[in-house]
Amino acid sequence: MFRPRRSTLAVLAAVLPLTLSACGGDGAGGAAAGGGAPVQGGTLTFAVNSEPLALDPHTSPQDVTAIFTRPILDSLVSQEKDGTIKPWLATSWEISPDQRSYTFKLRQDVKFTDGTPFDAAAVKANLDHIVDPKTKSQLAASQFGPYQDTEVVDRYTAKVNFERPHSPFLNVLSTVFFGIHSPKELAKGPAAQASNIVGSGPFLLEKYTAHQSATYRRNPDYRWAPPTSSHQGPARLDRLEIKMLVEDSVRYGALTSGQVDAILAVPPSSLRLAEADKRLKVDRVPVGTYSYFLNTTHGVFTDPKVRDAFRSSVDFKTLVDKLYFGAFTKAYSPLSPQAPGYDKGTESQWGFDAAKANRLLDEAGWTARDGEGYRTKDGKRLTLRWPILKALDRESRVTLSEQVQAEVKKVGFHVDIQNVTFNEYLVKYGKAEYDLLDYSMRADADSLRSLFDTGNITKGPRLTQNAARYSDKEVDGWFQQALASSDAKTRLELYEKVQQKVIAQSVVVPVYVQSTLVGRNAKVGGITFEPQGFPLFQTAWIGRG
Amino acid sequence: MAETAPPAVKAPVRSHRRPSRITGRAARRAAVRLATSLLVFWGALTASFFALQAIPGSTVDALLGNNDASMEVRQQIISDYGLDRPLHAQYLTYVGRALLGDLGRSYQLDQPVTGAIGAAIVPSLQLTAAGLALGLAVATALALATAHRRRAVRSISSGVELVGVSVPVFWAAILLLTLFSFRLGWFPAVGGDSVAALVLPAVAIAIPVTAVLTQVMREGLERALDEPFVLTARARGMTDAAVRLRHALRHALLPVVTLVGWLFGALLGGIVVTEKVFGRPGLGRLVVDAVVTKDLPVVLGVVICTAALYIVINIALDLFYPVIDPRLRGVS
């Protein structure tokens, strides 16, 4: 059975100012409107809100690494908004009847920007590189699951073998976390990839300065854009620059003053201003869900009634609307609404009901109150331990946690928000010393398994992502059926049942749907988005004046 | 010439008669200074080594990253990095290597620590030096202009200084950016390489520096201006400006120089906020990332480097005192 195990850092990636990108395949995307007719040439300057800890997407789990390297790296396959897999560097593929082998036929006209030709040996070098311990992969290797090896059948045919069927393979293969580097560059070792990435993509990296920026030049030979791209041939821009401006007000100020042409993550508080500004345009791309995971094996949340009471005692809709000015919307399922397999039924499954919360807590035996108004049972206060890395706060999540703390106090919960360091967080996570943990998932249906499969409860030193420590035989069975099923429709139906059940059992409290908010000068056009919400610049242009 | 000089001209006579005593004293002072410096250096190294050990969480986990690494791979990495050896052995190896200038390899950055620090230290030093120079220049001008002036002038000046010291760098930086970059467009908010991009961050860190230095310098100036030699100078017909510049300023500079040495270390330590707001690379960013990822060699490397810089600057300033104050040339 496939048990995706994610590392410490991959788990944290979901919590920290990096969103974990799980297996691809949600339905976001589409071209950004505006910007007039496409223009050839020019330089586009784009500013992002976080910084890569590692530049090689085989190593890093970070969104921002994907944004920095997608201009450089192509993938074997591409993905439509609806999740359909299309060719890219591979022209076609066959899956063996036992679903353990994928045979890819490759394009024969592709060249890396260092002159190395693309072939089956390059594919093998890359796939082996992902699982090489020296790569220290924090995401791609775990998404690769039971990868066995790659055979070079002939110069342009590569066969990828697995120990057991692994149906999410083509989905993850389409992401830049499985991007194809020049094998010549890979051979130089991880130290080289820390500051330089060489691929066959529409741009080539000129200079990367950590904590500052990356500059790119157009690859004039680029003739292998994926069929999912709205523009074939070399990129329209001559040059691209991506800057790291982590401070929200600085990034937004740089956009409004014309010092950069487009930014990732328009601050929610500036969203209305930006939308009212005629010189600016904002593209919204829903990408994932931010949720609270309730510890079902330790502490007060082992009682489902207490979990339900917690969830019912907060008016999340009002909190989210007030705090994010409409930039983010209330979530109902751990999947985001645009993701294939999203179960709309969850929207009527739960909501704010303080009377119900009080009744449930009474039923659960938390009937007495102490001097401060908190509920108690057998002299013990109804306390929730909530470790938060305040130093790495983003999207005003700390503010939100304090508002939730004030709301649930009304029905008698005492929330102990613990401001912890990164390492304390790891220890608490590993030892299950928490009642509630919050993080966001760039969730597609397959990633539900890492959130709720029994196999993903943390045991031993390595942390895995089932923070609710949820274990249910029926749900595990649905996951196994989904893994073995090659029919997408059957899989999605199984995942809908999973959503119903975890919501019914109050294992997870979805809080808000995250959107990528790209703000751009009106003269910028053609920025498109991958299904995971990452911006693509091969299609982009910048008007004169 | 020295033999025929009148006794009033002291210096040449003294240099003729007592050269060995002066150099001997200087050498002893340098030796004491070096010994205390090494002690400071060792203290910084030891304190940070053990502080990092005290942080919960396993270095191996931070180091491995790879979730599916087998037990053998885990063991291999543990022994490669010497993490299986007792703490005191790790510590001794570390101190030994550090003395030889080998700071080891970063766990996370896939490069030698010296390389990572070398790349980060240049922009940090540029910023710190620019901020200090600016602060010193403005403080000198302000102190000269306000010392022993009317009560109103001095109260206004003290008030402004108090605000300057109290303003958080973060807030000042955002304010400067909003006004001079986003509104007026005089300086770029982004772009770390140009001199123009250095102006606003330098001003941001110069604000508290100026405020502190002005106060100290004005106090020194006022004390000097009350000395009898000032009265003598004025009696000889010197203008007020000349008295302040030529006589009083030297007296006021001594405590300022001491303070600059300390400020240098303080600024370098607190530089991360400015670096973050202005999107600049540097030592602050490097060390914060390293602490977050438990990248021990980098943290220790930065501590050692900062301590060494601090020591060098302070020795240089020590040597600089006699230049300002001739009275110090003969005594220790």
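Observations, loosely collected:
- The range A:367-477 - share of DSSP beta bridges that are antiparallel (%, nearest 5): 40
- Placed amide H near residue A:207: partners under 5 Å, 5+ positions off or other chain: A:215
- Sparsely packed chymotrypsin sites (Phe, Trp or Tyr not before Pro) within the range A:98-164, loop by DSSP, other Cβ within 10 Å at most 10: none
- Residues whose amide H comes within less than 5 Å of that of residue A:329, counting only those at least five positions distant or on another chain, are A:513 (H built at 1.01 Å from N in the peptide plane).
- Positive end of the dipole of the protein assembly as shown (Cβ unit charges, origin at the Cα centre): among A:171, A:291, A:477, the Cα lying farthest that way belongs to A:291.
- Which listed pairs, of A:81/A:489; A:81/A:111; A:81/A:124, have C-alpha distances above 20 Å, in listed order: A:81/A:111; A:81/A:124
- Part-to-part distance (alpha-carbon centres) for the range B:124-186 and the range A:95-132, which is given in Å: 59
- For the range A:114-119, putting each phi into the Karplus relation 6.51 cos²θ - 1.76 cosθ + 1.60 with θ = phi - 60° gives couplings of 8, x, 5, x, 8, 7 Hz, in residue order, rounded to whole numbers and with x for Gly and Pro.
- Separation of the alpha carbons by more than 31 angstrom is noted, of A:344/B:276; A:86/A:473; A:356/A:501, for A:344/B:276; A:86/A:473.
- Reported to the nearest whole Å, the Cα centre-to-centre distance from the range A:257-276 to the range A:66-88 is 27.
- Distant-in-sequence amide H partners of residue A:369 (H built 1.01 Å from N, under 5 Å): A:376
- Taking B:171, A:541 and counting other C-beta atoms within 10 Å, the order from fewest to most: B:171, A:541
- Put in order of Cβ neighbour count within 10 Å, fewest first, the listed residues A:528, B:239, A:157 become B:239, A:157, A:528.
- Backbone HN-Hα couplings from phi across the range B:257-270 [Karplus 6.51/-1.76/1.60, Hz, Gly and Pro as x]: 4, 4, 5, 4, x, 5, 4, 4, x, 5, 5, 4, x, x
- With a cut-off of 14 Å between beta carbons, the residues surrounding residue A:230 carry a summed charge of +1, where Lys and Arg count +1 and Asp and Glu -1.
- Relative frequency of Cα-Cα separations exceeding 35 Å in the protein assembly as shown, percent: 57
- For the range A:279-289, 3J(HN,Hα) per residue [Karplus equation, 6.51 cos²θ - 1.76 cosθ + 1.60, θ = phi - 60°, Hz, x = Gly/Pro]: 7, 10, 10, 10, 9, 10, 10, x, 10, x, 10
Every number in this text was worked out from the coordinates using simple rules, so none of it is lab data. The structure displayed is predicted, hence computed values, not measured ones. Cβ atoms come from the backbone with ideal geometry, glycine included; neighbour counts cover every protein chain shown.
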